[in-house]
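Let me begin by presenting the structure, written as structure tokens, before commenting on it.
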Amino acid sequence: MRRHVNAHARTAIGAVLATCLLVLAIPVQAAGDAAAGQALYQAKCGGCHSLEANRIGPAHRGVVGRKIASAPGFAYSPAIRKLTGIWTTARLDQWLQGPQKMAPGSKMYLNVPDQTQRANIIAWLAANPAKR
Amino acid sequence: MTDTFDPISLGRRALFRTGGMAAAGLGLASLGAPLMAAPKHTMHKKSSAMEGDIGVLQGALALEHEGIAAYRIAGGSGLLSKGVLDVALVFLGHHQGHRDSLAKLISEAGGKPVEPKSDAEYIKALNIASLKSEGDVVKFAAGLEQGAANAYVGQVAALQDHQLAHLFAQLGTDEAVHWAILNNAAGGSIAKAPYLFG
């Protein structure tokens with residue numbers, strides 16, 4: 001039920017956004033559904049990651065906007081440490097389509113082929129910024 | 001009447017119902033008649049593809065180490081009743097078996113199997129101290145098993161070696177069975193759409 005409402009709301013927001021885009025010609029990435037993303041995150045990433053702690057993979061709180069490979073205390077691979085800059089939603093989307101393509105030899109191998117799932121997971125990550 | 005809306009006591013009843021199934025499983029295991037022979041996978045050649053596969057195996061081994069610690073620590077917490085503890089110990093045994101197969105494969109391929117972290121690290125990272133009841137432990141374990149099943153299924157496509165892909169299917173389905181039993185015990189629901197793991 002909630003899904004439907006959300007889908008309609010998204011469509012409406014999407015239409016408004018599309019109009020803005022036409023008018024302003026500013027590229028805006030379609031935002032995912034953070035609530036759906038939370039469940040997906042727990043299911044698909046929760047074996048290795050959590051927001052607050054380094055586990056098999058690094059802690060994720062505040063990852064959007066964070067320097068790549070910069071979670072304190074995590075032993076990153078040389079492959080991911082070669083990447084420069086910060087995690088934007090676009091780069092996270094690229095990462096989740098193939099960490100081995102983006103950083104061959106990285107210690108992460110899991111892909112999320114579904115675009116909507118990726119957008120929702122990234123929305124959940126963005127909804128959990130660093131604590132001040 | 002009183003426990004109608006209490007997911008934990010509902011969960012407990014559910015786990016006791018499944019206790020019979022678990023006991024049957026235990027019987028089989030103690031008779032020394034496992035359903036399937038332990039996997040006999042091997043890795044020989046060393047190539048860059050193999051390096052990748054070793055990397056996937058190392059991640060899987062780290063995940064099993066964490067699962068073993070979680071079951072061991074939560075199992076020793078005194079929060080679990082006998083029936084639940086018996087089931088948890090069966091699952092712990094599976095994870096130890098997984099660990100042994102993965103470590104052996106990594107060594108045979110010339111790698112150095114990752115070591116477990118300290119209990120203190122696992123307790124902190126998994127926030128184990130926050131678990132206050134049997135219901136909490138069952139839900140927590142269900143979450144770990146779901147993550148593990150997805151991690152295995154989600155990495156099959158990254159493996160070059162077909163025998164390892166088969167091993168990952170075995171590992172993932174073991175975790176899926178653990179998840180199903182724990183999720184049922186915790187009174188969790190199941191998605192209507194197919195493909196529960198991926």
Subject >> Pairs from B:Lys124/B:Lys192; A:Lys101/B:Lys139; A:Lys101/B:Lys117; A:Lys107/B:Lys124; A:Lys44/B:Lys117; B:Lys117/B:Lys192 whose Cα-Cα separation, in the structure shown, is over 32 Å >> reply: B:Lys124/B:Lys192; A:Lys101/B:Lys139; B:Lys117/B:Lys192
**OP:** In debye, nearest 20, what is the charge dipole magnitude of segment A:67-132 about its Cα centre with +1 on Lys and Arg Cβ and -1 on Asp and Glu Cβ, if you could check?
**Re:** 300
Subject >> Relative contact order of segment A:29-126, defined on C-alpha pairs under 8 angstrom at six or more residues apart (%) >> reply: 39
**OP:** Could you tell me what fraction of 2.2 N^0.38 Å the Cα radius of gyration of segment A:29-126 comes to, as a two-decimal ratio?
**Re:** 0.98
**OP:** Would you please give the residues with an amide H less than 5 Å from that of A:Ile86, counting only those at least 5 places away or on a separate chain, with H modeled from the backbone geometry?
**Re:** A:Ile68
**OP:** Give the cross-link partners of B:Lys82 among the lysines, using a straight C-alpha distance below 16 Å as the criterion and excluding same-chain residues fewer than 8 apart.
**Re:** none
Subject >> Residue-by-residue Karplus 3J(HN,Hα) for segment B:51-64, coefficients 6.51, -1.76, 1.60, Hz, glycine and proline x >> reply: 4, x, 4, 4, x, 5, 4, 4, x, 5, 5, 4, 5, 5
Original post:
Dipole of segment A:29-126 (Lys/Arg Cβ +1, Asp/Glu Cβ -1, origin at the Cα centre): which of A:Ala34, A:Ala119, A:Ala103 lies farthest to the positive side?
Top reply: A:Ala103
Original post:
Say R0 is 45 Å: what FRET efficiency, to the nearest 0.05, do B:Val177 and A:Ile86 get from their beta-carbon distance?
Top reply: 0.65
Original post:
With charges only on Cβ, +1 for K and R and -1 for D and E, what is the dipole size of segment B:44-180 about its Cα centre, in debye, rounded to 20?
Top reply: 140
Subject >> Per-residue ³J(HN,Hα) for segment B:122-133, Karplus 6.51 cos²θ - 1.76 cosθ + 1.60, θ = phi - 60°, Hz, x for Gly and Pro >> reply: 5, 4, 6, 4, 8, 6, 5, 5, 7, 7, 10, 8
Original post:
Under a point spin-label approximation (7 Å from Cα along Cα-to-Cβ), what is the B:Ile190-A:Ala127 distance to one decimal in nm?
Top reply: 2.7
**OP:** List the accessible area buried at the contact between B and A, summed over both sides and calculated with a 1.4 Å probe, in Å² to the nearest 100.
**Re:** 1300
**OP:** Could you name every residue in segment B:58-81 that has 10 Å² or more less accessible surface in the full protein assembly than in its own chain alone (probe 1.4 Å, ligands and nucleic acids excluded)?
**Re:** B:Gly59, B:Ala62, B:Leu63, B:Glu66
Original post:
Considering the dipole of segment B:121-198 built from charges on the beta carbon (Lys and Arg +1, Asp and Glu -1) around the Cα centre, which of B:Gln163, B:Ser133, B:Asn150 is farthest to its positive end?
Top reply: B:Ser133
**OP:** Run the dipole for segment B:57-112 about the Cα centre, Lys and Arg Cβ at +1, Asp and Glu Cβ at -1, nothing else charged, and hand back the magnitude in debye, nearest 20.
**Re:** 80
**OP:** Note the full-extension length gain between A:Ala75 and A:Ala35 as 0.36 nm times their separation in residues minus their Cα-Cα distance, in nm to one decimal.
**Re:** 11.4 nm
Original post:
In percent, how large is the relative contact order of segment B:107-198, given Cα pairs closer than 8 Å and 6 or more residues apart?
Top reply: 32
Subject >> Calculated from backbone phi, Karplus (6.51, -1.76, 1.60) coupling profile of segment B:104-114 in Hz, x at Gly/Pro >> reply: 5, 4, 5, 4, 4, 8, x, x, 10, x, 4
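The values are calculated or read from the model by the stated rules, or taken from the named source; none is laboratory data. None of the values given here were measured: they were computed from a predicted structure. No Cβ is skipped: glycine too gets one built from the backbone with ideal geometry, and neighbour counts run over all protein chains shown. Keep in mind that these areas ignore ligands, DNA and RNA; they rest on the heavy atoms of the full protein, side chains included. Shrake-Rupley method; radii C 1.70, N 1.55, O 1.52, S 1.80 Å.
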